[in-house]
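Presented below is the structure to which this report refers.
Derivation of every value follows stated rules applied to the coordinates shown; laboratory data play no part. Keep in mind it's a predicted model, so treat the numbers as computed, not measured. Here the Cβ is made from the backbone with ideal geometry for all residues, glycine too, and neighbour counts use every protein chain on show.
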Amino acid sequence: MAKGAIHITGSNFAIRRRLRWDILDRGRKLVNSGTIERPRWLDWVEMAPPLETRNLLHTDKVIKNPYIPLVTTLLKKYPHLRFEKCFDSGNEWQKGVDNYNVDHPVMQFVAYQLSLMNKGMSKTEAFMRTEKVFYRKRMEIEKNLKVAMALAIDEEAVPLYTTGFAYWNEKLAEGQGRFLIQVRNELRRIKEEVLKSQKQLEDKKVKSKP
């Protein structure tokens with residue numbers, strides 16, 4: 001088995017971890033006891049800075065992140081929020097990952113909720129208060145969008161598409177619209193011709209009467 005050892009006699013897979021002397025201390029003890037002569041590498045090792053093995057992570061460390069349960073609760077009630085800005089880099093919207101940028105609506109919601117919780121408010125009460133705040137913001141945004149859409153009609157503005165398939169559907173709808181206009185014009189022409197012929201027949205009947 002390959003060893004991910006901290007030092008030559010240690011192993012990261014040991015059941016009971018304890019402090020062990022590193023190779024520098026072992027070499028010094030052997031030289032002081034007269035067991036071996038002082039090797040050249042001992043001077044080189046003493047000139048190098050030591051590796052602080054006590055500060056290394058030997059076991060799993062539990063990190064308490066208050067955002068994770070809040071994000072889970074929010075997406076459980078509003079699962080459609082995970083698809084907001086899903087094409088932006090940094091937003092991991094896959095279920096189980098749920099990592100978003102700071103400007104994402106999920107993070108804004110959770111950050112506001114956490115700020116209320118830090119002021120002494122309960123989790124449920126902070127969630128309900130945050131819902132009301134973001135609902136008012138959403139209504140204002142939708143109102144502004146409706147006004148912008150109404151103004152865009154006069155400007156003949158068209159939406160931007162993210163895929164070629166959506167652009168193709170738009171062109172297909174334009175072609176079908178032109179075809180229907182042609183059919184309507186042809187039906188009008190035929191109707192006018194029929195009415196004109198009927199009028200001529202009526203005029204002939206009137207003239208033929210004594």
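Collect the residues in segment 104-124 that are within 17 Å of Ile68 (Cα to Cα) and exposed (fewer than 13 other Cβ atoms within 10 Å of the Cβ), keeping them in residue-number order. Spell out the reasoning first.
In the first step, residues of segment 104-124 are kept if they are within 17 Å of Ile68 (Cα to Cα); the result is 104-118, 122-124.
Within segment 104-124, Ser115, Asn118, Ser122, Thr124 meet the criteria.
Of everything in segment 91-103 that is of a type in the set (A, V, I, L, M, F, W, C) and loosely packed, with under 13 Cβ neighbours inside 10 Å, the residue that is nearest to Leu75 (Cα to Cα) is Val97. Scanning segment 126-174 for residues that are in contact (Cβ under 8 Å) with a residue 24 or more places away in the chain and assigned to a helix (DSSP H, G or I), we see that the one that is nearest to Val110 (Cα to Cα) is Phe127.
Each row is one residue, and each column tells you yes or no for (1) surrounded by 10 or more Cβ atoms within 10 Å (Cβ to Cβ); (2) farther than 30 Å from Thr73 by Cβ.
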site: Ala126; (1), (2): yes, no
site: Met139; (1), (2): yes, no
site: Glu156; (1), (2): no, yes
site: Leu160; (1), (2): no, yes
site: Phe165; (1), (2): no, yes
site: Glu170; (1), (2): yes, yes
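Among the residues here, Leu187 does not qualify as surrounded by 10 or more Cβ atoms within 10 Å (Cβ to Cβ), in contact with a Pro (Cβ under 7 Å, 6 or more places away or on another chain), in a helix (DSSP H, G or I) and not β-branched (Val, Ile, Thr).
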